[in-house]
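None of the figures in this text is laboratory data; all of them are computed from the coordinates on show. These figures come from a predicted structure and were not determined experimentally. For neighbour counting, all protein chains shown are included, and Cβ atoms are generated from backbone atoms with ideal geometry for every residue, glycine included.
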Amino acid sequence: MLNPLHLRTLGRVLETGSFAVAARQLGYTPSAVSQQIATLERAVRLPLFERDARSIRPTPAAAFLATRGQEVLSALGFLQDDLRAWADGIVGTVRLGSFPTAGRRLLPAALAALGSASPAVEIVLDEGEPDELAPRVRDGDLDAALVHRYSRVPRRPPSALSVTPLLREDLVLLLPAGHRLAGAGEVRLDELADATWVGTRHGTDGATCLRRMCAEADFEPRVSYRSNDYDVVRGFVRSGLGIAIVPALAHVPDTGVVPARLVGVEAHRHVEVLTRTGRHDPAVHRVVTALHRSARALHDPAASVVLEASAASTGTGRAVSG
């Protein structure tokens, strides 16, 4: 196999016409240059120089090898630059999963900032629910995934994944504008025992969380309408068909819908990033950093609906095994 170092030495000998001058320019001894050329001749099984007591003359094979060798050296230089850029996270492809509300509120600013800072990092985005995305990160189908979990519904991610917290969301009560409690600002859950509810689909963490919260208030919620699309949920509430509890990322101000704070109940939704434990990918680190910055931009302690950005260090996370 040809040694790039020997190809560089050959090129310098041809430029200078002398082993001794080439050695001086390269910082070698003349003997070292002679040995490199001899090793190169054995590798190509062709003489590269005609030697006599006073001079050296390159053979046609030397000129051919030097020309083609320069192409190889240039390609190696480009490869080295690309690898350095990859190591710095400047180039790369990140396959990212996200759930819908994060895609609407958290991702746009993060990806726009990433595109400005690292335009050569390509993001391939796919959407799904946490129980769909987490196994795909574990299996290597995704590099990272935005997921959520409810504090009332303990959930462990698959083994060998790291969890990086981003946000803690309030759960927001949505009431029709004409509801008897619409002007209260704060509402106890037991005041809603007779209400008709609009909830998420059976089996979702949101549905489980609602049922458990209401059970602590000594009633079973009467859920007449179900949808995982929060725009649909909000539309049902606006039409007076029921009330709903949604996470803060899903809350959009809407005429005809009045938000209220639940009191006497402690429940939140946590937004996190899942990555594979032990895998160092600088481009993924840049994505996680951009998501943290986007989460901090959403955090407004003075707002009636609170999204509390995590203070966890970016790109590290905690390893989860089990």
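Quick notes on this structure:
- Rg(Cα) / (2.2 N^0.38 Å) computed for region 4-87, rounded to two decimals: 1.18
- Degrees between helix 4-16 axis and first principal axis of the chain (Cα, 0 to 90, nearest 10): 50 degrees
- Burial order of peptide ranges 26-39, 139-152, 258-271 (average beta-carbon count within 10 Å, highest first): 139-152, 258-271, 26-39
- Semi-axes of the equivalent ellipsoid for region 92-322, Cα gyration tensor, largest first, Å: 33, 18, 15
- Mean ellipticity per residue at 222 nm, deg cm²/dmol - from DSSP H runs of n ≥ 4 across the chain, formula -39500 (n - 2.57): -12500 deg cm²/dmol
- Candidates per chymotrypsin sites (Phe, Trp or Tyr not before Pro) in region 221-304, loop by DSSP, up to 13 other Cβ within 10 Å: none
- Helix 60-87 axis, angle to the chain major axis (alpha carbon atoms, nearest 10°): 20 degrees
- Label sites at GLU122 and ARG104, each approximated as a point 7 angstrom past Cα along Cα to Cβ, lie 3.0 nm apart.
- Karplus-based coupling profile of region 174-185, in residue order and whole Hz: 10, 10, x, 4, x, 5, 5, 9, 4, x, 6, x, with θ = phi - 60° in 6.51 cos²θ - 1.76 cosθ + 1.60 and x standing for Gly or Pro.
- Spin-label zone in region 157-184 - amide nitrogen under 16 Å from a point set 7 Å from the Cα of THR196 along the C-beta vector: 175-180
- Computed lengthening from ALA32 to VAL232, 0.36 nm per intervening residue step minus Cα-Cα distance: 64.3 nm
- Percent of beta bridges antiparallel (DSSP, region 1-124, rounded to nearest 5): 40 percent
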